[in-house]
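Data block below; observations after.
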Amino acid sequence: MIKTVNPYNSEAIETYKLHTPRELEKILENAEATFLEWKQQPIVHRTDMLDNLADNLVKHKNDYAKLMTKEMGKPITESIAEIEKCILLCDFYSTNAESLLSDDLIETEAEESFISYDPLGTILGIMPWNYPFWQVLRFAVPTITAGNTVLLKHASNVTGCALILQELFESSGYPDACFQTILVEHDPIETLIEDQRVKAVSLTGSEKAGRKIAEISGKHLKKTVLELGGNNACMILNDADLDTHINTIVNARMQNSGQSCIAAKRFIVVEDIYDEFLEKFTSKIKTLKSGDPSDKQTDIGVLARLDLADTLQKQIEASVSKGAKIHFGNKRNNTYYQPTILTEVRPGMAVFDDETFGPVASVIKVKDTDEAYKMTSISRYGLGTMIFTRDTDAARTQISEIEDGAFFINELVKSDPRLPFGGTKASGYGRELSREGILEFVNKKTVYINK
C-alpha cells in the first residue's frame, strides 16, 4: 500500500494499492500495443492532442494546484504557476513539434538522403515529488508527441498527482495506454528496465538514484536521460546591481521552499560587496512569510517529508561543527524549516560540497572575480551557474569556462520549454525540452535512396 500524508499538518490524505505483477504485465502489454498504433498517427494529430491537454490544464488549474500543495507542501501560488508553465510547454510543442520531427534532408551523392526521426517504443519515466506536474510533463509531452508511449513511476508521496496525470491524458483524447501510471515500490523497477518492451529510461532524482538506474540500464543497453542533483553557484561580483536583482537572487534560493535541483545553493560573493550583499540578502529573506502552503500570502511552505528536514538539519549541524556560522534562521518545527543563512562556509563542509534541499543559503566570501570563478568550479555537480554583474561582456568570455549545463547572467537558472535543460558531471546527462528534448527518445535513422 501507498499512504499519502499532508506534510503541513500530518493528516492522512489517501491510501492506494500497489500494482500486482499481473497488473504490471497487462500495463506493459497495453503500452506496446498502443505504441504500434500511436506511432502511425500523423504528427498533426498528436499536436491536436496537446491542444486538448493544454485546455484541460487551464480548466483544472486550481484543482491540480491544490492537490500539489496538499501532497508536498508547495506554496499555492507556486503550484498555480507550475500548472501555467505546463500549459506553455504544451503550447510550445503544439506549435513546433511538426517542424522539429520533420525529416532532415542531407545532400549526398544519393538521389535522396535524409534523417528520419522515428519513435522508440515505451519509455519509463521515474520522476520526483518537488515539481509533481512540471517534471512529469516536460518528459512526457515531447516523448509522447514524438510517437512513444510512457510509463510513469512517480514519487510515492505524490501518488494522487500521478494518477491525475494519467486521467489528464485520457480525458484529453489520448489512447488509454499512451500514458500509464504504475504504482510500485523500488524493487520492481529493475525488472521493468530489463523488459524488452521498455526501450529507454528518463530519471529525475538524486545522484545515488541516477547511478543505480544508469547501472541497470547500461547492463541491458537501454538509453537513459538523467537529471540529477545540483549545487548551483550564484556569483555576486563587486559591480553587481543589488537593488535591481536582490529579489531574483533570493528567489533563486527560496523558490519551492528551497526544494529545487537548480536553486542557487552557494552564494559566492566578492569581498568588496560582501557586507552590502549580506545586509540586503538578509533583509529580504526576513520579509518572506512562512505558514500554511494553501494560503496565497505564504512564501515558504514546508519540506515535503520529515526525513528531508532531518537530512537538512544534519547537513547544517555538520557544517557548523566545522566552522560555519548561523547568520540567520535555523529554527525547525517538524517539516517546517526556517529560511537560513550560513556564513564562513568553505569547501569540505556539507553545505558547500553536497546538495542541500531546503531554504538554506551558504555564503562564501572571496577576494576577487578570479577567485569567485575558481570557487564556483569546486563542485562535482554541473547543473547550472548564475552570475550577477554589470559587465556582461566580461561574463560572456567565461561561457566556455563554465562546465555546467547552464550559465545565466543576471538571472536565476530556470527551465524553459524553448531551451534545452540538463547537466554535466554528477548532475547527469541528456537534455529535456526544446528540440533536444523531443529528439532524446527517437531513432535518428539515416535513409539513403537511389533510383
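Just checking: which of the strands (runs of 3 or more DSSP E) contained wholly in the range 301-378 hold 2 or more residues that are in contact with a Lys or Arg (Cβ under 7 Å, 6 or more places away or on another chain) and in contact (Cβ under 8 Å) with a residue 60 or more places away in the chain?
360-366
Count, please, the residues in the range 374-401 that happen to be out of contact with any Phe, Trp or Tyr (no Cβ under 8 Å at 6 or more places or on another chain), surrounded by 17 or more Cβ atoms within 10 Å (Cβ to Cβ) and within 26 Å of LYS208 (Cβ to Cβ).
Counting residues in the range 374-401 that are out of contact with any Phe, Trp or Tyr (no Cβ under 8 Å at 6 or more places or on another chain), surrounded by 17 or more Cβ atoms within 10 Å (Cβ to Cβ) and within 26 Å of LYS208 (Cβ to Cβ) gives 6.
What about SER283, is it of a type in the set (Ser, Thr, Tyr), exposed (fewer than 14 other Cβ atoms within 10 Å of the Cβ) and more than 21 Å from the chain's Cα centre (by Cα)?
yes
When you check ILE249 against the structure, is it in the same structural domain as LEU278 (by TED's automatic domain parsing) and in contact (Cβ under 8 Å) with a residue 40 or more places away in the chain, yes or no?
When the stated conditions are applied, ILE249 passes them.
Which residues, counting only those in the range 90-144, are touching a Phe, Trp or Tyr at 6+ places or on another chain (Cβ under 6 Å), within 30 Å of ASN450 (Cα to Cα) and polar (S, T, N, Q)?
Residue satisfying the conditions is SER113 alone.
Restrict the check to the range 186-207 and report whether at least one residue is surrounded by fewer than 19 Cβ atoms within 10 Å (Cβ to Cβ) and among the hydrophobic types (A, V, I, L, M, F, W, C).
No; the residues of the range 186-207 include none that is surrounded by fewer than 19 Cβ atoms within 10 Å (Cβ to Cβ) and among the hydrophobic types (A, V, I, L, M, F, W, C).
Which is part of a helix (DSSP H, G or I) and either at pLDDT below 95 or more than 26 Å from the chain's Cα centre (by Cα) (or both), of LEU57, LEU67, LEU24?
LEU24
Quick one: is GLY323 of a type in the set (Gly, Ala, Ser) and surrounded by fewer than 14 Cβ atoms within 10 Å (Cβ to Cβ)?
For GLY323, the condition - of a type in the set (Gly, Ala, Ser) and surrounded by fewer than 14 Cβ atoms within 10 Å (Cβ to Cβ) - is met.
Taking the residues in the range 217-238 that are touching a Ser or Thr at 6+ places or on another chain (Cβ under 9 Å) and part of a helix (DSSP H, G or I) as candidates, determine which candidate is surrounded by the most Cβ atoms within 10 Å (Cβ to Cβ).
SER217
Restricting attention to the range 101-141, report how many residues are crowded, with 21+ Cβ neighbours inside 10 Å, in a strand (DSSP E or B) and of a type in the set (Ser, Thr, Tyr).
Summing the residues that are crowded, with 21+ Cβ neighbours inside 10 Å, in a strand (DSSP E or B) and of a type in the set (Ser, Thr, Tyr) in the range 101-141 gives 1.
Going by the structure shown, is TYR64 assigned by TED's automatic domain parsing to the domain that holds ALA200, aromatic (Phe, Trp, Tyr) and touching a Phe, Trp or Tyr at 6+ places or on another chain (Cβ under 8 Å)?
yes
For the range 262-271, state whether one or more residues are closer than 22 Å to ILE378 by Cα and assigned to a loop (DSSP other than H, G, I, E, B).
Looking through the range 262-271, at least one residue is closer than 22 Å to ILE378 by Cα and assigned to a loop (DSSP other than H, G, I, E, B).
For (1) assigned to a helix (DSSP H, G or I); (2) small (Gly, Ala, Ser), each residue gets a yes or a no:
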| site | (1), (2) |
| --- | --- |
| GLY173 | no, yes |
| GLN180 | no, no |
| LEU203 | no, no |
| GLU215 | yes, no |
| ILE249 | yes, no |
| ALA252 | yes, yes |
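Among all residue pairs at least 6 apart or on different chains, which show Cβ distances below 8 Å where the first residue, located in the range 272-297, is closer than 22 Å to ILE364 by Cα and among the acidic types (Asp, Glu) and the second is buried (at least 17 other Cβ atoms within 10 Å of the Cβ) and modelled with pLDDT of 95 or more?
Correct list of pairs: ASP272/ASN238.
Quick one: is THR47 at pLDDT 95 or above, of a type in the set (Val, Ile, Thr) and in a strand (DSSP E or B)?
Against the criterion (at pLDDT 95 or above, of a type in the set (Val, Ile, Thr) and in a strand (DSSP E or B)), THR47 does not qualify.
Show the residue pairs that are 6+ apart or on different chains and have beta-carbon atoms under 6 Å apart, the first residue being within the range 387-411 and in a loop (DSSP other than H, G, I, E, B) and at pLDDT below 95, the second being of a type in the set (Phe, Trp, Tyr) and loosely packed, with under 11 Cβ neighbours inside 10 Å.
Final answer for the pair search is none.
I'd like the full set of residues that are free of Cβ contacts under 8 Å to residues at least 40 places away in the same chain and not in a strand (DSSP E or B), limited to the range 1-15.
Within the range 1-15, MET1, ASN9, GLU11 meet the criteria.
The values are calculated or read from the model by the stated rules, or taken from the named source; none is laboratory data. These numbers come from a predicted model, not from an experiment. With ideal geometry, Cβ positions are generated from the backbone for all residues, glycine too; neighbour counts draw on all protein chains shown.
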